[in-house]
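Visitor: Have a look at this one before I ask anything.
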Amino acid sequence: MTTDGRKRILIVGGGYVGMYTALRAQKELSRGRAEIVVIDPQPNMTYQPFLPEAAAGSIEPRHVVVPLRRVLKKCRVITGSVSSIDHARRSVTVEPETGNSYELDYDLLVVGAGSIARTLPIPGLAEQGIGFKTIGEAIFIRNHVLSRLDFASSTEDPAARRRALSFVIVGGGYAGVELLAELEDMSRYACRYYSNLNPADLRWVLVEAADRIMPEVSVGLSAYTVTRLRERSIDVRLNTRLNSAVGGRIELSDGDAFEADTLVWTAGVKAHPLAARSGLPVDDKGRLPCRANLTVKGVEGVFSAGDTAAVPDLSKSDPNALCGPSAQHAVRQAKVLADNLARTINGQALQDYKHAYVGSVASLGLYRGVAELYGVKVRGPVAWFLHRTYHLSRVPTFNRKVRVLADWTAALFFPREVVSLGQLQSPRYDFQRASAS
């Protein structure tokens with residue numbers, strides 16, 4: 001409790017769950033009733049469904065992120081990490097980016113730290129691979145792919161050229177498929193500006209350990225997507241695993257091996273490790289087991305939602321069914337969670353979260369897509385339009401909606417920007433070299 005007697009609500013994480021919970025809670029609870037504190041290592045929330053388009057240059061990267069302090073005007077935003085939770089003392093340890101760590105107490109705790117990439121102990125993966133969950137990774141991947149085209153166009157070494165023009169995406173979920181489709185679209189377009197490159201020189205490989213991609217959609221739409229990708233000369237490897245990436249040599253479980261400068265890992269996520277080390281109860285996947293009202297089982301005053309939480313899916317007949325780790329569930333759970341925070345402070349009964357999964361939409365590059373909404377399957381330009389329409393309606397704040405729409409509108413009249421800004425990855429290099437000389 002604060003020194004002035006207000007309840008302190010501490011929200012760990014500024015992603016879907018954290019930002020949307022705080023956004024709704026600040027409307028329902030006046031500053032005189034509660035202090036809302038949001039802690040996240042980044043001062044912004046990333047709308048991840050737009051990351052593939054940001055990586056391909058269809059959307060300005062800054063328009064994919066929402067500044068937390070700008071939208072959470074009635075909250076206190078702390079840029080830092082929560083290293084530990086001591087619920088017995090109702091306290092967390094905060095580690096700012098610089099400076100000493102300190103403790104911060106709370107009355108009600110929301111654990112919405114989200115997820116991190118789920119990696120495997122594959123030789124060379126940590127050294128050669130890059131994930132795809134942040135705007136920084138999206139910008140890096142875009143610049144890296146375009147820089148490989150620049151290099152391939154400039155080298156006289158055939159082996160180095162083949163390696164530079166080989167791109168591998170591991171993971172056939174939505175993130176991997178959308179990223180692959182957008183980047184292949186961008187790189188194929190970029191070839192028109194290189195006199196000695198053509199799209200046939202590019203090698204795009206999608207590696208998926210399961211027997212199908214995009215398990216969120218029906219088998220038919222999954223097979224359709226594979227067919228469309230292969231029609232674009234994209235090498236889709238099903239029932240295949242990455243065995244090694246040491247030194248950029250890609251070795252697959254089907255026996256194939258080749259050199260590649262680009263390896264992107266999108267093979268799933270897992271709950272943020274903070275949940276497992278919090279001292280709170282966790283399940284076998286490191287998630288906080290929750291009741292349908294989004295309170296954590298076995299403790300009082302702790303709430304959770306999204307990828308960090310195992311929330312019962314009341315829309316299904318199976319009593320053991322859990323909500324999937326999707327943005328759709330996280331955003332809707334956050335609204336119920338915020339309401340239940342207000343109900344807790346007001347001494348009212350809590351409400352349960354219940355929402356049937358509406359469906360999925362995915363972009364496969366410009367004017368191509370697949371969608372399955374309420375059981376209705378849609379393909380091609382209509383699905384692509386539904387994808388953009390749905391996510392435009394979901395991206396937070398009117399400001400960001402207008403900016404994203406402006407990006408799309410400008411793209412109708414002006415050619416795609418395909419310039420690499422590789423200097424962003426090492427901005428001090430030229431200065432350091434000049435200083436050394």
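Visitor: Take ALA159 and decide whether it is closer than 24 Å to SER222 by Cβ, among the aliphatic types (A, V, I, L, M) and either in contact (Cβ under 8 Å) with a residue 12 or more places away in the chain or surrounded by fewer than 18 Cβ atoms within 10 Å (Cβ to Cβ) (or both).
Guide: In short, no.
Visitor: Can you name every residue in the stretch 234-250 that is part of a helix (DSSP H, G or I) and surrounded by 13 or more Cβ atoms within 10 Å (Cβ to Cβ)?
Guide: VAL246, GLY248, listed by residue number.
Visitor: Got a sec? Which of GLU231, GLU182, GLU208, GLU178 is surrounded by fewer than 22 Cβ atoms within 10 Å (Cβ to Cβ) and not assigned by TED's automatic domain parsing to the domain that holds TYR16?
Guide: So the residue among GLU231, GLU182, GLU208, GLU178 that is surrounded by fewer than 22 Cβ atoms within 10 Å (Cβ to Cβ) and not assigned by TED's automatic domain parsing to the domain that holds TYR16 is GLU231.
Visitor: When residues of the stretch 251-270 are filtered for being modelled with pLDDT of 90 or more, part of a strand (DSSP E or B) and hydrophobic (A, V, I, L, M, F, W, C), how many remain?
Guide: The qualifying residues number 6.
Visitor: Please state which one of ILE139, ILE59, ILE116 is aliphatic (A, V, I, L, M), modelled with pLDDT under 95 and within 22 Å of ALA271 (Cβ to Cβ). Reasoning before the result, please.
Guide: Details: ILE139 fails: within 22 Å of ALA271 (Cβ to Cβ); ILE59 fails: within 22 Å of ALA271 (Cβ to Cβ).
Only one candidate passes the filter, namely ILE116.
Visitor: Now for a separate question. Of the residues SER315, SER360, only one is in contact (Cβ under 8 Å) with a residue 24 or more places away in the chain and within 19 Å of the chain's Cα centre (by Cα); which?
Guide: Result of the check over SER315, SER360: SER360.
Visitor: I'd like to check something: does the stretch 45-67 contain any residue that is hydroxyl-bearing (Ser, Thr, Tyr), within 21 Å of ALA330 (Cα to Cα) and either crowded, with 23+ Cβ neighbours inside 10 Å or not assigned by TED's automatic domain parsing to the domain that holds GLY172 (or both)? Even if it seems obvious, please write down each step before you answer.
Guide: Kept after step one, since they are hydroxyl-bearing (Ser, Thr, Tyr), are these residues of the stretch 45-67: 46-47, 58.
Still in the running and within 21 Å of ALA330 (Cα to Cα): 46-47.
Restricting the remaining residues to those that are either crowded, with 23+ Cβ neighbours inside 10 Å or not assigned by TED's automatic domain parsing to the domain that holds GLY172 (or both) gives 46-47.
Looking for residues that are hydroxyl-bearing (Ser, Thr, Tyr), within 21 Å of ALA330 (Cα to Cα) and either crowded, with 23+ Cβ neighbours inside 10 Å or not assigned by TED's automatic domain parsing to the domain that holds GLY172 (or both), one finds at least one in the stretch 45-67, hence yes.
Visitor: Further, regarding this structure: List the helices (runs of 4 or more DSSP H) inside the stretch 369-437, counting only whole elements, that have at least 3 residues being in contact with a strand residue (DSSP E or B) (Cβ under 9 Å, 6 or more places away or on another chain).
Guide: In the stretch 369-437, the matching helices (runs of 4 or more DSSP H) lie at 381-394.
Visitor: Still on this structure, please answer the following. Quick one: in the stretch 318-347, which of the residues that are in a loop (DSSP other than H, G, I, E, B) and over 25 Å from the mean Cα position of the chain (by Cα) is farthest from ILE36 (Cα to Cα)?
Guide: Ranking the qualifying residues of the stretch 318-347, first place goes to ASP318.
The values are calculated or read from the model by the stated rules, or taken from the named source; none is laboratory data. Note that the coordinates shown come from a computational prediction; the quantities given were computed from them, not determined experimentally. In this analysis, Cβ positions are derived from the backbone assuming ideal geometry, glycine residues included, and neighbour counts consider all displayed protein chains.
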